[in-house]
Amino acid sequence: MGSLSVIWLSRFLVFFMGIENEWIEIQDSEIWIPVWLSLLQTISIIIVMEISIKMINRHSLGTLPRTIVILAPISLAFSAISIWMDYSNGILDIFLTSSFILLMTSSILASLRLNRSALYLLSSGLAVVLPLLLGIYNFEHLSLLVPFVIIIGITATDKGLSQQMIERGSGVVVSAILFAQIIAAGNQTSYVFVGLIDSPDPFGLTFWLWVSLLIGWFAPTAMLRTPAMPIGLALSLTLLSAEASLIGWFIGFLAFIYLETREQARDWVVKATYFAMIIAWLISSVIGVENEIDLINIGDFTLDSTTASSLILFPLILALGYWGQSRGRFGNIFGPSLVILAASLNIVLLSESSIFFSLIIVVSSITTFYKYISSEQRSFDALLDRNVYASYVLLPIIFVSLQVIGTF
């Protein structure tokens, strides 16, 4: 009742001061309500929330009143989307942006203060959904997702939250972020924030969502709470373009080295992250070749995607595989052998790249095979496994040979 009261009282106050007495300035159009009413209603409902939280803690009230308090700002945010957007003529200005951020953040913080982990997951999930709904009006409104990603990452470090629950919820949030990045990449959406920041492609919304995931979720990932973060971070490298792609890959390599050297990092997370990097390289290399993308173009110096993918990124990913294998993270099947096989199957890149790319694949395949047969295992089972593995490792040489022969 308190929430509904302050919402309607604030609206009546604006009507009384604007229409009846002309004490304040209103919009000179069919929709006369000033845009800042959204912020006034937001502040009013947050004050009611604070009073309610103090009463709940003082009287040790149960789940129902706690749930109502947490859901109150969420209800206002979602129910007011179309109304507030009409106030601003479809523009996500500083008043609306501040209102949405304050409402969803207050809900997330209230769930932590009232010790309701399940409602924290709900609040965080809906905080991600809100910008997606706003994106219906304009793809640039998806930019609101950037501060929400950082806020969710910071609050996920709260020690009162269940680690297992956060792990499960992180996958949903990261999936939503990847979905938003796909939309932004497909439309080359700029990152726009309340008219103060306007960052066009290649450092557009896709790039800043990637940065927000890296920065905001670094701490909870270090606490082993969000295993989906490094995997999603690696996969989203596919969606970066031009200079942003080079920056992303450079930081991605450093992040993977950091992840692999943490003793508490689980093997399946490291392996999944490495596999995601291989997939990202495979897809981005094909896209780069097909669209003839230049990653760097400074004066007379140009670095095209074909050269970068074949002679820079592939050797670095391969080196990470050998390094991870030497440290015991990767076995024989999963590691350098996998990226070599993926490279040999990348027909698009093989057909456009120089002969050096094919030579790197062949030499690395032979090197991997030689390292394996040099092992001291001599049992019958080991010999049988050796024959199977030999076929797996030497397949890239066959694929590359067929591709090279086909070009003549």
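Every number here is computed from the coordinates shown, using simple stated rules; none is lab data. Bear in mind that the values here come from a model prediction, so they are computed numbers and not experimental data. Cβ sites come from the backbone with ideal geometry, for glycine too, and all protein chains shown count toward neighbours.
Can you work out the FRET efficiency for the pair I150 and S351, with r the C-beta to C-beta distance and R0 = 51 Å, to the nearest 0.05? Step by step, r from the Cβ atoms, then E = 0.75. A DSSP coil position with no more than 12 other Cβ atoms inside 10 Å describes none of the chymotrypsin sites (Phe, Trp or Tyr not before Pro) in the range 163-212. Just one of [x] 33.2; [y] 21.3; [z] 26.4 is mean projected area of the Cα convex hull in nm² calculated from these coordinates, so which is it? Only one option fits the structure, namely [z]. Amide H contacts under 5 Å for I296: L303, restricted to partners 5 or more places along the chain or on a different chain, H placed in the peptide plane at 1.01 Å from N.
In what order do Y372, Y258 fall by count of nearby beta-carbon atoms within 10 Å, going from fewest to most? Placing the least packed residue first, the sequence is Y258, Y372. With the highest mean first, a sort of the peptides 226-232, 105-111, 76-82 on other beta-carbon atoms found within 10 angstrom per residue produces 226-232, 105-111, 76-82. Taking trypsin sites (Lys or Arg not before Pro) as exposed when their DSSP state is a loop state and no more than 14 other Cβ atoms lie within 10 Å, the longest site-free interval of the chain runs over 1-158. Once the Cβ-Cβ distance of N138 and L359 is raised to the sixth power relative to R0 = 35 Å, the FRET efficiency obtained is 0.10. Take the Cβ-Cβ distance between A222 and I333 as r, set R0 to 25 Å, and report the resulting FRET efficiency rounded to the nearest 0.05. In this case the efficiency is close to 0.30. Between S79 and N187, the simple label model (points 7 Å from Cα in the Cβ direction) yields a spacing of 2.8 nm.
One decimal place: the segment L254-L303 gains 15.5 nm when fully extended, by the rule 0.36 nm per residue minus the C-alpha distance.
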